[in-house]
Amino acid sequence: MQQTLAKFDIPRENYVFVSGIGCSSRFPYYMNTYGFHTIHGRAPTIATGLRLVNPDLSIWVITGDGDALSIGGNHFIHAMRRNLNFNVLLVNNEIYGLTKGQYSPTSPTGKVTKSSPYGSIEHPINPLCLAIASEATFIARTLDSDPRHMSAVMERAMRHKGVSFIEVYQNCIIFNDKAHAPVTGRDTREDRMVYLENGKPLVFGRVDDKKAILLNGLYPEIVKFDPANTQGLLIHNEADPRPNNAYLLTQLTHPDFPVPFGVLRCVEKPTYDDLMNQQIQDVIKKKGRGRLKDLLYTDDTWTVTP
């Protein structure tokens, strides 16, 4: 993050990091900027208020899988659909680490933890799927062990006008070590990860065994990659205004498909803050600036008698 911010000519006093509760939420303490360590799941709400009162701030919400998708699930959805102009970084380690290892909304079915000693019977939330279902305008995934990729994704998010959502595959060495290793492990990543490149087919696999994703109607299939014949292959289009392709990418999951990393969706849409500011100006132009006293003493007020 510090490497990413150094690429922008923004004074440090114009950055704000807002977090909720959890291991991820210590983040503001590591940044020499302004920050809020707020209450569980409510970081997007605090960030919304900041966005509306100060358009000059660069705002990051730092959250985790429990903070954003359980306690703060409702706040997360509305921040996405409103297209507020701030960035949301979700650190996903598939566990409640701060409280010593209970299963979280992203823990896989069957996960044995202190709160699920016989295995979780819940279906996990797919964070990117929830974001695209809420019509977020920028959606991406990266991983903790690839800082160069992480920095590039964060830079793209900062340059996006509107809400940006980044899921980070994060390891928790204490309570959920190697949770993402089946996908991102050194011995498996070539066959189980695919890095997205806009305008190009989804190609993955070892050098001597390259594969691609082919669309058979609405359904993806894995085929052997032939550079001379790309007909029918799924070509990544992050700027597609329809959410169909981005949704399909969120459904590429291990063990049936390689897991996509990079920018899944980047589209433009009016932001909530711009629309609100425009509405305020339109009303002032039509009715003039109001006075708080006039509002308090309109006919729509009541006197409560004991």
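The values are calculated or read from the model by the stated rules, or taken from the named source; none is laboratory data. These numbers were taken from a predicted model, which means no experiment stands behind them. Quick reminder, even Gly has a Cβ in these numbers, built from the backbone with ideal geometry, and neighbours come from all protein chains shown. Just so you know, the surface numbers come from the protein's heavy atoms only, side chains and all, with ligands and any DNA or RNA stripped out. Shrake-Rupley method; radii C 1.70, N 1.55, O 1.52, S 1.80 Å.
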Completion exercise
Counted residues in segment 51-104 being in a helix (DSSP H, G or I), open to solvent by 30 Å² or more (accessible area, probe 1.4 Å) and over 28 Å from residue 174 (Cα atoms) come to 8
Practice task
For segment 119-137, indicate whether the set of residues that are closer than 27 Å to residue 8 by Cβ and assigned to a strand (DSSP E or B) is non-empty.
Solution key: no
Handout entry: Members of segment 209-226 found to be at pLDDT 95 or above and hydrophobic (A, V, I, L, M, F, W, C), listed by number
Key = 212, 213, 214, 222, 223, 225
Completion exercise
Note on segment 147-157: residues in contact (Cβ under 8 Å) with a residue 24 or more places away in the chain and open to solvent by 30 Å² or more (accessible area, probe 1.4 Å) are 147, 149, 155, 156
Problem - Selection count where residues are under 22 Å from residue 149 (Cα atoms) and part of a loop (DSSP other than H, G, I, E, B), scope segment 192-231 - result: 10
Handout entry: Whichever residue in segment 169-221 is out of contact with any Ser or Thr (no Cβ under 9 Å at 6 or more places or on another chain) and small (Gly, Ala, Ser) and, among such residues, is nearest to residue 152 (Cα to Cα)
Key = 199
Practice task
Would you check which residues across segment 176-205 are out of contact with any strand residue (DSSP E or B) (no Cβ under 8 Å at 6 or more places or on another chain) and either open to solvent by less than 50 Å² (accessible area, probe 1.4 Å) or touching a residue at least 24 places away in the same chain (Cβ under 8 Å) (or both) and list them?
Solution key: 176, 181, 182, 185, 188
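Looking at segment 160-173, can you tell me whether even one residue there is small (Gly, Ala, Ser), closer than 30 Å to residue 84 by Cα and either touching an Asp or Glu at 6+ places or on another chain (Cβ under 8 Å) or not in a strand (DSSP E or B) (or both)?
We begin by selecting, within segment 160-173, every residue small (Gly, Ala, Ser); these are 162, 164.
Then drop every residue that is not closer than 30 Å to residue 84 by Cα, which leaves 162, 164.
Filter once more, so that each one left must be either touching an Asp or Glu at 6+ places or on another chain (Cβ under 8 Å) or not in a strand (DSSP E or B) (or both): 162.
Yes, some residue in segment 160-173 is small (Gly, Ala, Ser), closer than 30 Å to residue 84 by Cα and either touching an Asp or Glu at 6+ places or on another chain (Cβ under 8 Å) or not in a strand (DSSP E or B) (or both).
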Problem - Among (1) farther than 14 Å from residue 88 by Cβ; (2) open to solvent by less than 80 Å² (accessible area, probe 1.4 Å); (3) of a type in the set (Asp, Glu) - the single one residue 167 does not satisfy - result: (1)
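Could you check, for segment 256-276, whether at least one of its residues is at pLDDT below 95, surrounded by 15 or more Cβ atoms within 10 Å (Cβ to Cβ), farther than 29 Å from residue 23 by Cα and out of contact with any helix residue (DSSP H, G or I) (no Cβ under 6 Å at 6 or more places or on another chain)?
Step one: list which residues in segment 256-276 are at pLDDT below 95, which gives none.
Within segment 256-276, not a single residue is at pLDDT below 95, surrounded by 15 or more Cβ atoms within 10 Å (Cβ to Cβ), farther than 29 Å from residue 23 by Cα and out of contact with any helix residue (DSSP H, G or I) (no Cβ under 6 Å at 6 or more places or on another chain).
Select from segment 232-271 the residues that are in a strand (DSSP E or B) and not hydrophobic (A, V, I, L, M, F, W, C) and write down the one among them that is farthest from residue 157 (Cα to Cα).
Just the residues of segment 232-271 that are in a strand (DSSP E or B), to begin with: 233, 235, 259-266.
Of the ones still in play, those that are also not hydrophobic (A, V, I, L, M, F, W, C) are 260, 262, 265.
Working: 260: 17, 262: 11, 265: 11 Å.
It comes out as 260.
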Problem - residue 46, sole failed condition from (1) of a type in the set (Val, Ile, Thr); (2) part of a helix (DSSP H, G or I); (3) more than 19 Å from the chain's Cα centre (by Cα) - result: (3)
Problem - Residue, farthest from residue 61 (Cα to Cα), within segment 14-26, restricted to residues that are modelled with pLDDT of 95 or more and open to solvent by 30 Å² or more (accessible area, probe 1.4 Å) - result: 14
Handout entry: Answer residue from segment 85-95, given it is under 13 Å from the mean Cα position of the chain (by Cα) and not polar (S, T, N, Q) and is nearest to residue 182 (Cα to Cα) among those
Key = 91
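Please tell me if residue 229 is within 15 Å of residue 140 (Cβ to Cβ), modelled with pLDDT under 95 and either out of contact with any Lys or Arg (no Cβ under 6 Å at 6 or more places or on another chain) or not basic (Lys, Arg) (or both). Even if it seems obvious, please write down each step before you answer.
On the way: within 15 Å of residue 140 (Cβ to Cβ): no; modelled with pLDDT under 95: yes; either out of contact with any Lys or Arg (no Cβ under 6 Å at 6 or more places or on another chain) or not basic (Lys, Arg) (or both): yes.
Here the answer is no, as residue 229 does not meet what is asked.
Take the conditions over 27 Å from residue 4 (Cα atoms) and open to solvent by less than 30 Å² (accessible area, probe 1.4 Å) and apply them to residue 113. Does it pass? Can you show your working first?
Values: over 27 Å from residue 4 (Cα atoms): yes; open to solvent by less than 30 Å² (accessible area, probe 1.4 Å): yes.
It is true that residue 113 is over 27 Å from residue 4 (Cα atoms) and open to solvent by less than 30 Å² (accessible area, probe 1.4 Å).
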Problem - Of residues in segment 235-251 being polar (S, T, N, Q) and crowded, with 17+ Cβ neighbours inside 10 Å, the one farthest from the chain's Cα centre (by Cα) - result: 245
